[in-house]
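Novice: I'd like to ask you about the structure that follows.
The values are calculated or read from the model by the stated rules, or taken from the named source; none is laboratory data. Note that the coordinates shown come from a computational prediction; the quantities given were computed from them, not determined experimentally. So basically every Cβ, Gly included, is an ideal-geometry build from the backbone, and we count neighbours across all protein chains shown. Accessible surface areas use protein heavy atoms only, side chains included; no ligands, DNA or RNA. Shrake-Rupley method; radii C 1.70, N 1.55, O 1.52, S 1.80 Å.
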Amino acid sequence: MKTVTPVALLHMCLCVTAAVSGSGSTETALTAEKGDVAILPCYTLGNVTPTLTSWIKNGKEVVKGGIYSPSPSLGGQRLAVLHDGSLNIRAVLPRDEGTYLCSSTLPGNNIFHARVLLQVTNGPENVSLSIGPATARSNGTLIVYRGSTVSFNCSGSSYPSQQLTWAFRGAGSSNQSLASAPGPWLDFRIQNVQPSAQGVYSCKANNTVSLQAANKSTELLVYYAPDRHPECVWVLAQDPSHVLFNCTWFGAYPAPKLLWGEDQGDQAAGWKGHVYKSEVTESLSVVLNRSMLEDGQTLRCTARHLAIAAGKQKSCSFNLKYPYPKGEPMATALEGSSITLTCTEDVSIPPANTTWRKGLQQEDIVPGSKYVLTEEDAVLKLTIHNISKDDEGVYFCRSENPLAVRELEVYLTVKNSSAYTGGVIGFFIAALIVGIAAIVAKTIYSSRHRICLGDGFGHMEEDQGDVLSLVESDDEQIFQDAVPRLPPITNGLRTTLVQIHRIPSGDHEDTETADRSPQDDTVRIETSADLVTF
């Protein structure tokens, strides 16, 4: 409770006082807050103590007192006249507001009049704020989500008037005014709210008369999560039967809850697999050994966050696979030559470590001038130079990942160069025979129309040769004129007409040919009905 006097009010800026001096009267304006103690002055022109003072409000005397007629004790009344004639009002109420007239009787029966205007202010009170749509935490902090539209409302009551203001204090600003206006309430809205809107919001109410102020604040958190999925990686340990799986999901506020587990069902319906590890963090790692892993198993990292609706959680996963090295199981090489054994392994998850080993004891192969190892993506090659009988045997392409070990067995056979000599010669002779046969066959086929005949009795003349020419012609008339008609079929046999053309063997052959008649060149050959034999 405060005591309000004209001087005190002037220093505290709680009232405005205007005194008008005249012949035996003054006028004063006084402001007091509800519940304060107000002192209304009467005679202020000198040090004279009034003998009697009365106070009237709205034409009705409310109290009087003086040297000879003191007012009631202050302990029993809210209103009392002090020794200097001032009116003391304890615990000011709104109904105390109004115009007061005082009349003081001074020594010598002089009468002094004074007018005091008392204004009672109230508030600000009932200051409240609301922010929504938002989710309230147990400590009163409000939560909204990035991209949403948020409405802010501030209200309060003051008498006789008030000014409302929305203020914001965030990470990058301090007491920033967002909106201000007179009246009983003040609204504003933020569309597509972003993380920069996170901070403390204050609703401030100021009484424009008493200059009293009140405010109410609340902290607003903006939750958000990245649109991308978490990133899953593996890191192979020194022990090849162990592997570290790591999951990271940065850019969420607050930190998400990450969960590593075995995927055995529909994630939209809830987690159904075995959970290996779960923690509220942006990065989560788990180390698993071979006994916990199997072929075809799916390991999944799921990110859970309040900004993501259930059933739409982000995740990443691995589908584990055994290693499977591929290559030719047999290889052959000559002594002194070189050979390259190839092995491919590109299906294992996590990727397998692939090496070449020699012998049943699977001895490590040390690279050097004898053995050269080259790797191209998923292909591992072993080149053996200057091969000898000692290099013959079994080689293993060994692939190992945290799930299992798989091997490709390759048997290398080493042969002497002489073992191939007989085969090469045999192949050459066979090729030669086939070539000669082909040439002879082609020659015979190309001369199939030329047939040398003897004298008709199976004897060949030494100095001449008769050539039998079977001629086909489309010109039947010409052929009939050149060859005489043959008699009809006799003895049931067909008769074939053959014309003999002699090939001269010398000059004397021309003379003999000239003496030969055309009839001498006609030969009748009797054949059976079904077969002609020459």
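Novice: Report the extension gain between Glu279 and Val62 in nm, rounded to one decimal, defined as 0.36 nm multiplied by the number of residues separating them, less their alpha carbon distance.
Specialist: Details: separation 217, 0.36 × 217 = 78.12 nm, distance 7.47 nm.
Here the answer is 70.7 nm.
Novice: Under the Karplus relation 6.51 cos²θ - 1.76 cosθ + 1.60, θ = phi - 60°, what is the ordered set of whole-Hz ³J(HN,Hα) values for segment 237-254, x standing for Gly and Pro?
Specialist: Taking θ as phi minus 60°, the curve returns 8, 4, 7, x, 8, 10, 8, 9, 9, 10, 10, 10, 8, 8, x, 10, 9, x Hz for segment 237-254.
Novice: Translational diffusion coefficient, Stokes-Einstein: compute it for segment 300-441 using the Kirkwood radius over C-alpha pairs as Rh, at 4 °C and 1.567 mPa s, and state it as an integer in µm² s⁻¹.
Specialist: 68
Novice: Could you report the accessible area of Ser446 in Å², rounded to 10, computed with a 1.4 Å probe on the protein chains as they sit in the structure?
Specialist: For Ser446, solvent-accessible area is about 80 Å².
Novice: Same structure again: Quick check: pseudo-label points 7 Å beyond the Cα along Cα→Cβ at Ser180 and Leu432, how many nm apart are they?
Specialist: Modelled inter-label distance: 11.8 nm.
Novice: May I pose another question? Sort Ser161, Ser177, Ser54 by accessible area with a 1.4 Å probe, largest first.
Specialist: On the way: Ser161 45, Ser177 75, Ser54 25 Å².
Sorted descending by solvent-accessible area, the residues read Ser177, Ser161, Ser54.
Novice: Working with all protein chains in place, sort Asp390, Asp239 by solvent-accessible area computed with a 1.4 Å probe, largest first.
Specialist: Numbers: Asp390 125, Asp239 70 Å².
If we order Asp390, Asp239 from most to least accessible, we get Asp390, Asp239.
Novice: May I pose another question? Whole-Hz Karplus ³J(HN,Hα) for segment 357-369, in order, using 6.51 cos²θ - 1.76 cosθ + 1.60 and θ = phi - 60°, x for Gly and Pro?
Specialist: 9, 10, x, 5, 7, 6, 6, 5, 8, 8, x, x, 5
Novice: Taking R0 as 25 Å, what's the FRET efficiency between Thr149 and Val200 from their Cβ-Cβ distance, rounded to 0.05?
Specialist: Computed FRET efficiency for Thr149 and Val200 comes out at 0.80.
Novice: In terms of modelled amide H atoms, which long-range or inter-chain residues lie less than 5 Å from the amide H of Asn215?
Specialist: Result for Asn215 returns Ala205.
Novice: Given a Förster radius of 51 Å and the C-beta distance between Ser447 and Tyr371 as r, what FRET efficiency does 1/(1 + (r/R0)^6) yield to the nearest 0.05?
Specialist: 0.20
Novice: Summing Lys, Arg as +1 and Asp, Glu as -1, what charge do residues with Cβ under 13 Å from the Cβ of His305 carry, His305 excluded?
Specialist: Summing Lys and Arg as +1 and Asp and Glu as -1 gives +4.
Novice: Quick one: the Cα spread of segment 160-227 along its three principal axes, in angstroms, biggest first?
Specialist: 52, 20, 15
Novice: Rank these residues by their accessible area, most exposed first, probe 1.4 Å: Asp187, Asp227.
Specialist: Asp227, Asp187
Novice: Round to the nearest 10 and report in Å² the accessible area of Thr208, as given by a 1.4 Å probe over the protein chains' heavy atoms.
Specialist: Surface open to solvent at Thr208 totals about 70 Å².
Novice: Distance between Cα centroids, segment 173-207 to segment 309-346: provide it in whole Å.
Specialist: Centre-to-centre (Cα) distance: 63 Å.
Novice: Given Lys204/Lys314; Lys57/Lys204; Lys321/Lys381; Lys60/Lys216, which pairs have Cα atoms separated by over 32 Å?
Specialist: Over 32 Å apart, Cα to Cα: Lys204/Lys314; Lys57/Lys204; Lys60/Lys216.
Novice: For segment 157-295, what mean projected area does the convex hull of the alpha carbons give, in nm²?
Specialist: 13.1
Novice: Further question: Provide, for q = 0.18, 0.23 Å⁻¹, the log10 of I(q)/I(0) from a solvent-free Debye sum over equal Cα point scatterers in segment 236-361.
Specialist: Once normalised to I(0) and log-transformed, intensities are -1.01, -1.37.
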